[in-house]
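Notes for the one structure printed next.
Since every read-out is calculated from the coordinates, none of them should be taken as a lab result. Predicted model only: the values in this text are computed from it and were never measured. So basically every Cβ, Gly included, is an ideal-geometry build from the backbone, and we count neighbours across all protein chains shown.
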Amino acid sequence: MAYNLYKEDVSSIYDPATAIEVYHNYTLLHDDLMDRADMRRGKTTVHKVWNDNTAILSGDAMLVLAYQYMAASSSEHLKEVMDLFSLTALEICEGQQMDMNFESREDVKEEEYLEMIRLKTAVLLAASLKIGAILGGASPEDAENLYDFGMQIGVAFQLQDDLLDVYGDPAVFGKNIGGDILCNKKTYMLIKALERADRDQLERLNHWLSATSFCPEEKISAVTELYTQIGIKAVCENKMREYYTRAMTSLGAVSVIEDKKSELKKLMKHLMYREM
């Protein structure tokens with residue numbers, strides 16, 4: 001889509017576009033393994049269908065393939081594209097490690113969480129747009145504005161993901177609902193709930209966070225009810241809108257006619273307004 005802002009024939013970027021998609025799926029394979037997730041996109045995860053070793057090796061192979069595809073980019077921009085791709089891959093690893101570190105911490109702050117999802121989730125969307133812009137011959141200013149657009153909408157997307165894990169429909173969301181609640185994952189929802197809860201709500205929330213034996217359905221229901229009482233859904237939606245507005249500003253600064261931005265605007269709305 002970013003490439004299409006500047007050039008019509010997209011056949012020359014099939015390989016780098018494939019690289020991004022293969023790399024993204026590699027991260028999901030390993031992420032599901034580390035999170036012990038059962039479902040992804042409505043289907044059983046690889047480590048559940050086969051085993052941990054198969055998920056690890058399949059992911060490793062996909063990483064190698066991603067670099068092979070990206071290396072087929074236009075020679076004129078190859079170093080710039082490969083440097084950005086490698087930096088992005090390292091940032092995603094850093095974000096994933098932050099996420100794992102949060103599991104053993106009780107003092108995760110909002111700013112830390114937002115930085116984690118910027119690294120773990122948003123940088124790949126940002127890099128995808130910037131790579132497309134670079135290969136399309138965009139100015140450095142446009143490429144940077146598209147990168148920032150992707151960064152802002154990527155953070156908003158992950159906040160929406162946190163929201164859907166609590167309030168979403170599994171058939172639409174493609175994953176089991178309440179997984180973050182069951183494993184006490186430090187999401188934006190939980191961080192803000194701990195910050196805003198009154199004494200009674202905090203006591204009940206901490207009861208479920210410290211419980212080692214419980215009925216999964218009961219815990220999901222109880223914590224969801226607490227989130228609703230505290231008003232966390234609206235807090236999360238407001239933060240999402242904040243990033244959405246920033247994304248709109250960055251996209252507006254890209255120096256192409258507005259009609260050419262229509263597909264990116266559709267993407268933004270699709271990512272932001274997924275069904276509950």
Report summary line: Treating only Lys and Arg (+1) and Asp and Glu (-1) as charged, each at its beta carbon, one finds that segment 1-87 has a dipole about its Cα centre, in Debye to the nearest 20, of 300
Query raised in the report: Taking R0 as 41 Å, what's the FRET efficiency between Asn4 and Leu57 from their Cβ-Cβ distance, rounded to 0.05?
Result: 0.70
**Report entry** Inter-site label distance for Asn101 and Ala253 at 7 Å from Cα along Cβ, in nm
**Finding:** 2.9
Report summary line: One finds, for Leu87 and Val64 with R0 = 22 angstrom and r their Cβ-Cβ distance, a FRET efficiency to the nearest 0.05 of 0.75
Report summary line: Exposure-ranked with fewest Cβ neighbours within 10 Å first, Arg41, Arg118, Arg241, Arg199 stand as Arg199, Arg41, Arg241, Arg118
Report summary line: Helix 14-35: inclination vs the chain longest Cα principal axis, degrees, rounded to 10, gives 20
Report summary line: Dipole check, the chain, charges on Cβ (K,R +1; D,E -1), about Cα centroid: among Tyr244, Ser73, Phe102 the Cα furthest to the positive pole belongs to Tyr244
Query raised in the report: Say the cut-off is 25 Å between C-alpha atoms; which of Lys79/Lys130; Lys233/Lys260; Lys7/Lys269; Lys120/Lys186; Lys120/Lys265 go over it?
Result: Lys233/Lys260
Query raised in the report: Roughly how many debye, to the nearest 20, is the charge dipole of the chain about its Cα centre, given +1 on each Lys and Arg Cβ, -1 on each Asp and Glu Cβ, and no other charges?
Result: 480
Requested in this report: Have a look at Gly132, Ala17, Tyr273 and report the one farthest towards the positive end of the charge dipole of the chain, computed about the Cα centre with Cβ charges (Lys/Arg +1, Asp/Glu -1).
Outcome: Tyr273
Query raised in the report: In deg cm²/dmol and to the nearest 500, what is the mean residue ellipticity at 222 nm of the chain if only DSSP H runs of at least 4 residues count, each as -39500 (n - 2.57), divided by the residue total?
Result: -23000 deg cm²/dmol
**Report entry** Anisotropy class of segment 3-157 from Cα gyration tensor, a/c 1.5 cut
**Finding:** oblate
Query raised in the report: Tilt of helix 123-135 relative to the longest C-alpha principal axis of the chain, in degrees (0 to 90, nearest 10)?
Result: 10
Query raised in the report: So what's the angle, to the nearest 10 degrees on a 0 to 90 scale, between helix 216-230 and the longest Cα principal axis of the chain?
Result: 80
